Amino acid sequence: MLILIAALLAVLVGTVLQRVSGTGVGLVVAPVLSLIMGPGPGVLATNAATTCSGFLITLSVRRFVEWRHAAVLVASAVPGIVAGALVVRWVPSAWLQVAVGAVVLAGLAVTRFSPATPELSRRKAMVPAGVIGGFFNSTAGVAAPAMVIYSRVTRWDQHRFAATMQPVFMSMGALSVVSKLAAGVHFALPVPALAAVGALVLTVLAGIAVGTWLSRHLTKATAQKLAMALAAAGGVVVLLRGAATLVLG
């Protein structure tokens, strides 16, 4: 029961942040569940949580979603998700986490600290961003950093970005769950599945309500800074988690 409570608290915080900035559930939930359940099952459970949160948040922001843009990103993510599922099945998760965390932080450093943030057209950046985001989502449960970097280099409006990411994260999460189950990755719940799903839905709805209220009091610039900070935090957590596993065995 304590495991379920800790997981739901992480989902609540992540959902609030995701409703405000466009990202949050995977970044907050993945480290918690990985510590509780182990890296492989924890990321799989995170994928399931992001599927639920993405779907419910999409319902509340659907007017602002760029559906064609989302569809291309999801389609582009499929090869990365499949590759990630196979990699998770055969490569030690600690090495994956170190690699993903390092790449995420390097990308964020380029977009944040370079004299002028690189600018790319969506046509050039969309497919690579989808593939990389899908791979990161499948291996570490954190597609958000790749998507945040993509939004910065393409100068994507923060409000539209935050809305469009919800069906993207929902779809990536669902595809990651299916591909991992097919590849033989499984996890066990501490409570009956129906009870866990019900608790998850109620927690996400509560997070959406709080996040919707907060979003009315934040500027786009503040929301964008929050998204960048969360992406950086996610990269650090993933890298440190992998490094700790390697050192401590």
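Just to be sure I understand the model, the point goes 7 Å from the Cα along the line to the Cβ. What's the resulting Thr222 to Leu9 distance in nm?
Between Thr222 and Leu9, the label points sit 2.6 nm apart.
Take the alpha carbon atoms of the stretch 180-217, find their center, do the same for the stretch 77-106, and report the distance between the two centers in whole angstrom.
What the calculation gives is 23 Å, centre to centre.
Restricting everything to alpha-carbon atoms, can you work out Rg to Rh for the stretch 15-149 with a Kirkwood hydrodynamic radius? Present the calculation step by step, with values, prior to reporting the outcome.
Working: Rg = 14.9 Å, Rh = 15.5 Å.
Checking Rg against Rh, the ratio lands at 0.96.
What helices in the chain pass both tests, a Cα length along the helix axis of 24 Å or more and a mean Kyte hydropathy of 0.0 or higher, using whole DSSP H runs?
2-21, 39-61, 67-90, 93-113, 122-140, 158-183, 193-215, 220-248
With an 8 Å Cα cut-off and a minimum separation of 6 or more residues, compute the relative contact order for the stretch 95-226 in percent. Don't skip to the answer; put the middle values down first.
Details: 65 pairs, mean separation 27.6, N = 132.
Relative CO of the stretch 95-226 lands at 21 percent.
Could you report the stretch 3-83's accessible area per residue, 1.4 Å probe, as an integer in Å²?
36 Å²
What number, in percent, do you get for the relative contact order of the chain if the mean sequence gap of Cα pairs under 8 Å and at least 6 apart is divided by its residue count?
Normalised by residue count, the contact order of the chain is 37 percent.
Which whole-number percent of Cα pairs in the stretch 1-248 have a distance greater than 24 Å?
For the stretch 1-248, the fraction of Cα-Cα distances above 24 Å is 39 percent.
Go ahead and set up a Gaussian network model of the chain, Cα springs under 10 Å, then flag whichever of His69, His217, His186 fluctuates most.
His217
Which distance in nm do the two modelled labels at Leu205 and Trp95 give, with both placed 7 Å along the Cα-to-Cβ direction?
Those two pseudo-labels are separated by 4.6 nm.
To the nearest 10 Å², what's Leu86's accessible area with a 1.4 Å probe?
Accessible area, nearest 10 Å²: 100 Å².
Highest GNM mean-square fluctuation, the chain, Cα pairs closer than 10 Å: which of Val148, Val236, Val72?
Residue with maximal mean-square fluctuation among Val148, Val236, Val72: Val72.
Ala195 versus Met1, label points 7 Å from Cα toward the beta carbon: distance in nm?
Rounded to a tenth, the inter-label distance reads 0.9 nm.
How long is the gain from Arg63 to Val236 if the chain were fully straight, where each residue apart is worth 0.36 nm and the alpha carbon distance is subtracted?
58.9 nm
Helix-only mean residue ellipticity at 222 nm, the chain, DSSP H runs n ≥ 4 weighted -39,500 (n - 2.57), per residue, nearest 500. What is it?
-29000 deg cm²/dmol
Quick one: ranking Ser138, Ser60 by accessible area, 1.4 Å probe, largest first, what do you get?
Listed by decreasing accessible area, they come as Ser60, Ser138.
Residues of the stretch 30-68 with backbone nitrogen within less than 16 Å of a virtual label 7 Å along the Cα-to-Cβ line of Ala244, please, listed as ranges.
Backbone N within reach: 30-40, 42-43.
Return the single residue from Ala109, Ala233, Ala30 with maximal mean-square fluctuation; model: Gaussian network over the chain, springs between Cα atoms under 10 Å.
Highest fluctuation among the options: Ala109.
Taking H as built 1.01 Å from N, whose amide H comes closer than 5 Å to the amide H of Leu120, not counting residues under 5 places away?
Thr154
Percent relative contact order of the stretch 1-119, based on C-alpha pairs within less than 8 angstrom and at least six residues apart?
14 percent
Can you sort Thr219, Thr23 by 1.4 Å-probe accessible area, starting with the largest?
Listed by decreasing accessible area, they come as Thr219, Thr23.
Quick one: net charge of Ala83's neighbours, Cβ under 14 Å, K/R +1, D/E -1?
Local charge sum for Ala83: +2.
For the chain, which span is the longest to avoid every loop-located (per DSSP) member of trypsin sites (Lys or Arg not before Pro) having at most 12 other Cβ atoms inside 10 Å?
Between exposed loop sites, the widest span is 1-154.
The values are calculated or read from the model by the stated rules, or taken from the named source; none is laboratory data. Keep in mind it's a predicted model, so treat the numbers as computed, not measured. Every residue, glycine as well, gets a Cβ built from its backbone with ideal geometry; the counts of neighbours run over all protein chains shown. Quick note on the areas: whole protein, heavy atoms, side chains included, nothing else; ligands and nucleic acids left out. Shrake-Rupley method; radii C 1.70, N 1.55, O 1.52, S 1.80 Å.
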